[in-house]
1. Arranged by the count of other C-beta atoms within 10 angstrom, fewest first, what order do A:D96, B:D83 take?
2. Using only alpha carbon pairs under 8 Å that are at least six residues apart, calculate the relative contact order of chain A and give it in whole percent.
3. What is the dipole size for the protein assembly as shown, taken about its Cα centre, with +1 at each Lys and Arg Cβ and -1 at each Asp and Glu Cβ, in debye to the nearest 20?
4. List the aspartates and glutamates whose Cα lies under 13 Å from the Cα of A:K22, skipping any in the same chain that are fewer than 8 positions away.
5. Counting other beta carbons within 10 Å of each Cβ, put B:L4, B:L86 in order, fewest first.
6. Enumerate by residue number the GluC sites (Glu not before Pro) in region B:1-105 meeting two conditions: DSSP loop (anything except H, G, I, E, B), and at most 15 other Cβ atoms within 10 Å of the site's Cβ.
7. Evaluate the charge dipole of chain A about its Cα centre and quote only its size in Debye, nearest 20, assuming +1 on the Cβ of each Lys and Arg and -1 on the Cβ of each Asp and Glu.
8. Per 10 Å bin, what is the whole-percent P(r) computed from every C-alpha pair distance within chain A?
Amino acid sequence: ETGVTQTPRHLVMGMTNKKSLKCEQHLGHNAMYWYKQSAKKPLELMFVYNFKEQTENNSVPSRFSPECPNSSHLFLHLHTLQPEDSALYLCASSQDLAGYEQYFGPGTRLTVT
Amino acid sequence: TQLLEQSPQFLSIQEGENLTVYCNSSSVFSSLQWYRQEPGEGPVLLVTVVTGGEVKKLKRLTFQFGDARKDSSLHITAAQPGDTGLYLCAGVPNDYKLSFGAGTTVTVRA
């Protein structure tokens, strides 16, 4: 059982589409994260939000646009993606920054055709 | 370069056997976490170790943090098919940026 939910679980989109991934945490945490997990590669941190303010953008291309309207919700807006963007996108939350344990959602499996 | 190196990359064993996976770095960590990820799911936190030399047990899983806080190991006794998954270590070097290793894929055959 997880306190972090993600929708959709699977998404197939063309390179010209615009779609959004949604993450919601029910744990009362203040920090939220987006990660990308590709086959045979370690987790790549994409964005970090703390108290709904972005604190880190890890050199992510502008075709990925995050949005954090409040501490419980996090979105990742996608547009004009490339096939190499196909991956598992994971959302996580933690009580605060400073190394607190992170709790992950189940991820969205994204395929770009 | 990878901050945390995990070995082996893949491990396949028979049910009932023991296994150990390693997480090594040249950096010192204030804490280190172990996660298990099953196919199609997100990583689930198993344990956090914070003190050099610390040993924590979680049923058949034993976690050890190196004395110098640069490495850690996970030992599973009498592995079961339910232990199958990707085991990830993650550490916090100097700031809040939790850094993940590439993981060890463990397969336990019935």
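1. Ascending number of Cβ neighbours within 10 Å: A:D96, B:D83.
2. So the answer I get is 37 percent.
3. It comes to approximately 360 debye.
4. Straight-line reach from A:K22, under 13 Å: A:E67.
5. In order of increasing Cβ crowding within 10 Å: B:L86, B:L4.
6. Sites meeting the loop and neighbour criteria: B:E15, B:E17.
7. 460
8. 15, 51, 29, 4
Throughout, read-outs are computed from the coordinates displayed, never taken from laboratory work. Here the structure is a predicted model, which means the values were calculated and not measured. Quick reminder, even Gly has a Cβ in these numbers, built from the backbone with ideal geometry, and neighbours come from all protein chains shown.
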